[in-house]
Amino acid sequence: MTTLYGYFRSSAAYRVRIALNLKGLAYEQVAVNLVKGEQRAEENLARNPQGLVPVLETDDGTRLTQSLAICEYLEERHPEPALLPADLAGRARVRSLAQLVACEIHPLNNLKVLKYLVHELKLDEAAKLAWYRHWIAEGFTALEARLAGEAATGAFCHGDSPSLADVCLVPQVFNAERFECDLSAYPTIRRIAERCRAMEAFAKAAPGAQPDAG
Ligand SMILES: N[C@@H](CCC(=O)N[C@@H](CS)C(=O)NCC(=O)O)C(=O)O
């Protein structure tokens with residue numbers, strides 16, 4: 001059995017849930033409660049010395065970390081339905097959009113960063129929120145310009161089927177909404193996120209639908 005170690009509100013785990021669902025793969029979930037600090041517990045550090053989720057243990061016992069690497073593993077092992085287009089330029093575009101979210105926006109707003117701002121740098125709640133919203137706005141402004149301006153955008157980030165870019169986009173929009181970021185300047189991002197959320201694979205992966213949601 002494939003096991004996903006994650007947390008309902010972890011956007012990196014959310015990416016992996018979407019990818020597993022899009023590919024129709026069965027998996028069980030083990031919750032690592034990030035609010036309680038379980039990511040730093042010995043058990044989780046043994047799975048991932050970074051003290052992060054997600055970790056995916058596959059049916060043959062392979063243990064994988066880093067959500068983009070996990071999604072690419074799933075793509076290579078289970079090529080259909082494809083999360084990357086067939087053409088080279090298209091594959092690079094999808095990876096570029098995915099990385100804009102996963103490597104540029106998300107790391108700045110991760111829990112450990114927010115905790116450091118509050119506990120070590122003594123920022124108050126308002127300053128923490130300003131930090132969070134600033135990096136969402138900076139990233140989403142660029143992402144919106146690309147999605148609205150590039151001909152390869154379709155019903156989804158790339159063409160008319162969901163790709164790795166949508167797998168990353170939807171959890172980031174969830175995070176932005178959770179922190180009450182103003183998304184009015186990003187109509188293309190909102191349109192694509194809504195289109196994705198209408199699909200069962202995305203809906204089943206949503207934080208509120210997870211067993212550890214509470
Ligand atoms: N680049 C990693 C990021 C993983 C990550 O940051 N996970 C977060 C949840 S979304 C986490 O475990 N945070 C725990 C913490 O910050 O203490 C990936 O894509 O898997």
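The values are calculated or read from the model by the stated rules, or taken from the named source; none is laboratory data. Just so it is clear, the structure is predicted and the values come from calculations on it, not from any experiment. Neighbour counts run over all protein chains shown; Cβ positions are idealised from the backbone, glycine included.
Residue under question is V16, and the condition is that it be free of Cβ contacts under 8 Å to residues at least 60 places away in the same chain and under 27 Å from M199 (Cα atoms); does it hold? Spelling it out, V16 is indeed free of Cβ contacts under 8 Å to residues at least 60 places away in the same chain and under 27 Å from M199 (Cα atoms). Scanning region 179-191 finds one or more residues that are over 19 Å from E75 (Cα atoms), at pLDDT 95 or above, in contact with a strand residue (DSSP E or B) (Cβ under 8 Å, 6 or more places away or on another chain) and in the same structural domain as L111 (by TED's automatic domain parsing). Counting the residues of region 24-37 that are without any contact (Cβ under 8 Å) to a residue 60 or more places away in the chain, out of contact with any helix residue (DSSP H, G or I) (no Cβ under 6 Å at 6 or more places or on another chain) and surrounded by 14 or more Cβ atoms within 10 Å (Cβ to Cβ) gives 2.
For region 13-50, the set of residues classified as out of contact with any Cys (no Cβ under 7 Å at 6 or more places or on another chain), assigned to a helix (DSSP H, G or I) and under 20 Å from A165 (Cα atoms) consists of A13, Y14, R17, I18, L20, N21, L22, listed by residue number.
On inspection, V53 qualifies as in contact with a strand residue (DSSP E or B) (Cβ under 9 Å, 6 or more places away or on another chain) and in a loop (DSSP other than H, G, I, E, B). For region 1-43, the tally of residues that are hydrophobic (A, V, I, L, M, F, W, C) and within 17 Å of the chain's Cα centre (by Cα) stands at 12.
Let's see how each residue does on (1) within 28 Å of E144 (Cα to Cα); (2) modelled with pLDDT of 95 or more; (3) near the ligand (Cβ under 10 Å from one of its atoms):
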{"residue": "E72", "(1), (2), (3)": "yes, yes, no"}
{"residue": "H78", "(1), (2), (3)": "no, yes, no"}
{"residue": "L84", "(1), (2), (3)": "yes, yes, no"}
{"residue": "G90", "(1), (2), (3)": "yes, yes, no"}
{"residue": "L97", "(1), (2), (3)": "yes, yes, no"}
{"residue": "Y116", "(1), (2), (3)": "no, yes, yes"}
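For region 114-129, the tally of residues that are outside any loop (DSSP other than H, G, I, E, B) and surrounded by 13 or more Cβ atoms within 10 Å (Cβ to Cβ) stands at 6. Summed over region 162-199, the residues that are hydroxyl-bearing (S, T, Y), surrounded by 23 or more Cβ atoms within 10 Å (Cβ to Cβ) and without any contact (Cβ under 8 Å) to a residue 60 or more places away in the chain give a count of 1.
Taken residue by residue, region 85-101 has at least one member that is surrounded by fewer than 17 Cβ atoms within 10 Å (Cβ to Cβ), polar (S, T, N, Q) and touching a residue at least 24 places away in the same chain (Cβ under 8 Å). Do any residues in region 119-141 that are without any contact (Cβ under 8 Å) to a residue 24 or more places away in the chain have Cβ atoms under 9 Å from those of residues that are outside any helix (DSSP H, G or I), where the two are at least six apart or on different chains, and which pairs are they? Pairs that qualify, where the first residue is without any contact (Cβ under 8 Å) to a residue 24 or more places away in the chain and the partner is outside any helix (DSSP H, G or I), are A127/L121; A130/L123; W131/L123.
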